[in-house]
1. Which whole-number percent gives the relative contact order of the stretch 104-206, counting Cα pairs below 8 Å spaced six or more residues apart?
2. How far apart, in nm, are two points set 7 Å out from the Cα along the Cα-to-Cβ line at ASP342 and at VAL375?
3. From the gyration tensor of the Cα coordinates in the stretch 273-466, what semi-axes in whole Å does the equivalent ellipsoid have, largest first, with each one equal to sqrt(5λ)?
4. Using a simple spin-label model with points 7 Å from Cα along the Cα→Cβ vector, what separation in nm is obtained for ASN354 and ALA391?
5. Near LYS77, within a Cβ-to-Cβ distance under 10 Å, what is the net charge of the other residues, with Lys and Arg +1 and Asp and Glu -1?
6. Could you work out, for the stretch 240-279, what percent of all Cα-Cα pairs fall into each 10 Å distance bin, beginning at 0 Å and stopping at the bin that holds the largest distance?
7. Treating the beta-carbon of each Lys and Arg as +1 and of each Asp and Glu as -1, no other charges, what is the dipole magnitude of the stretch 273-466 about its Cα centre, to the nearest 20 debye?
8. Express the relative contact order of the chain as a whole percentage, based on alpha carbon pairs under 8 Å and six or more residues apart in sequence.
Amino acid sequence: MRIALGQINTTVGDLSGNAALMLRAARRAAEADADVVVFPELSLLGYPPQDLLDRPALLDQAQLEIQKLAAAAAPLKISIICGTAEPVDALEGKRIWNNAVVLRNGKIHFRQSKMLLPNYDVFDEQRYFRSAEKQDLLQLGANAVALTICEDAWNDKNFWDKRLYARDPVDELAKQGARVLISINASPYHMGKREQRRQIFANIARRHGIPVVYVNQVGGNDQLVFDGSSFAMDATGKVIAQAASFAEDLVIADINTNKGDLHATHPIENDATYEALVLGTKDYIRKCGFSKAVIGLSGGIDSSLVACIAVEALGRENVTGIGMPGPYSSDHSVTDARAMADKLNIGFEIVSINKGCEAAGDALATLFAGTNSGVAEENLQSRLRGLTLMAFSNKFNALVLTTGNKSEIAVGYCTLYGDMCGGLAVISDVPKTLVYELCRVANQRLNNAIPESVFTKPPSAELRPDQKDSDSLPEYEILDPLLKAYVEDFLPPAVIAERQNLPLALVRDIVSKVDRNEYKRQQAAPGLKVTSKAFGMGRRYPIAQRYRE
């Protein structure tokens with residue numbers, strides 16, 4: 001059996017557009033003599049549809065579009081496996097199935113409903129879907145196929161020390177006589193996820209002695225980036241077909257000959273993370289109806305990385321950088337920003353905030369009388385820069401890309417309505433130390449666009465004379481592992497202090513900063529998830545709370 005892996009970039013809610021993507025891929029698969037073409041989970045609706053599923057008209061349209069797709073594909077003489085949502089015929093419980101359907105000869109030939117509904121991190125499927133009570137084998141020619149949907153294949157008792165579910169749908173279908181596993185997925189990217197998937201499915205292949213076909217969604221949908229990276233394995237767990245990462249693709253796997261197309265991926269994780277940020281930025285802007293972006297270029301490492309990502313995502317002609325020197329800006333801030341803008345060949349403008357600072361100071365003089373200058377005055381500078389960027393955005397319909405990194409956002413080293421202003425927080429899930437590494441990736445791809453001086457100067461917000469980040473925070477080489485341990489690994493302060501050989505008072509101070517600044521993060525622009533636990537979608541903490549470990 002020749003199986004085509006249809007790795008497509010769906011847009012949530014664009015049912016007719018997503019169906020058109022599948023029909024085009026099905027035609028290509030038929031031309032390549034494939035017997036079946038497989039598409040991702042909920043490929044008709046796009047993933048995740050979230051509360052769009054509460055709209056009855058969406059399900060009505062989904063039923064209509066799936067029938068139209070089946071009819072249009074009938075002349076191709078190829079079976080189509082795709083994902084959709086369908087209503088449940090029941091008086092109680094959840095009213096929607098998350099289904100895989102098989103289209104053949106102009107109609108729905110087979111349905112399989114998802115059994116294991118994830119309800120952790122970014123997943124919220126128990127909110128919407130009804131869980132299947134049983135699963136049946138799909139017969140494709142002479143092949144008995146276990147057709148599963150994402151999480152259904154992620155509960156192998158031989159892989160996990162602790163499982164989330166009592167049932168293992170793959171094991172149950174294998175015992176029924178399945179000789180092939182086809183898994184349709186919408187599995188978001190984070191660092192290390194691609195290798196984890198390979199290990200899980202190689203283990204399944206070896207355990208049951210069957211070939212495995214894994215098809216994943218690609219593209220950015222809001223805060224999630226889907227890497228694709230679809231593959232097929234033989235019964236020993238060896239990869240026989242491989243789709244590209246972070247791009248639409250169609251590859252053929254012949255499970256009889258154990259041969260298939262092997263397309264290049266991004267084997268180095270930093271390269272993959274950079275590519276994820278480019279794809280996430282491109283799709284967020286495109287799917288939200290924008291085409292241009294504007295960035296506050298400070299001559300620092302963070303804005304430099306965001307500018308490089310924007311250029312690759314949108315094209316240099318659609319990116320504008322604005323330098324906004326203030327009372328304490330160093331000369332190299334402007335010269336480094338201009339040098340990079342010239343190298344990238346993007347638009348670059350200088351808008352001084354000095355007069356604005358003077359005017360704001362005069363206007364606030366009576367209110368602030370008798371007080372010492374401090375954070376309020378410093379933040380005026382950041383907010384004037386935010387005002388400038390948002391004015392440009394309104395005038396020229398360009399989305400503001402914020403430049404704050406995960407380390408700063410974690411501890412609140414950022415200004416509401418200032419540097420946090422914008423429509424997309426491109427690197428809000430990128431720790432500061434990783435920012436430097438990704439800038440090296442950017443320089444390899446963009447002819448050393450970022451000046452070396454940007455890498456070597458101490459990080460600074462430049463809101464007061466000779467200010468450095470290290471005045472307020474530990475060095476990032478210390479801070480970032482501490483934050484990972486607390487935010488991503490959920491370790492308590494005492495354990496972090498012991499494992500990282502840090503003073504407990506320091507750890508408690510940083511943890512306190514993380515907890516206190518939840519109110520800022522919940523007002524931040526949406527960011528792109530690239531680590532195992534990002535701020536925003538998938539991390540739900542109360543703002544007003546007093547729990548301390």
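Each reported figure results from applying straightforward, stated rules to the coordinates on display, with no laboratory input. Here the structure is a predicted model, which is why all the values come from computation and not from measurement. Glycine also receives a Cβ, built like all others from the backbone with ideal geometry; neighbour counts cover every protein chain displayed.
1. Details: 116 pairs, mean separation 25.5, N = 103.
Result for the stretch 104-206 is 25 percent.
2. For the pair ASP342/VAL375, the computed spacing is 3.9 nm.
3. On the way: eigenvalues 152, 65, 49 Å².
Calculated on Cα positions only, the semi-axes equal 28, 18, 16 Å.
4. Distance between label points: 1.7 nm.
5. On the way: positive: ARG104; negative: ASP35.
The answer is 0.
6. 30, 41, 23, 6
7. Values: 17 positive and 20 negative charges, 109 e Å.
Using only the charged Cβ atoms, the result is roughly 520 debye.
8. Numbers: 1136 pairs, mean separation 61.7, N = 549.
Once normalised by length, the contact order is 11 percent.
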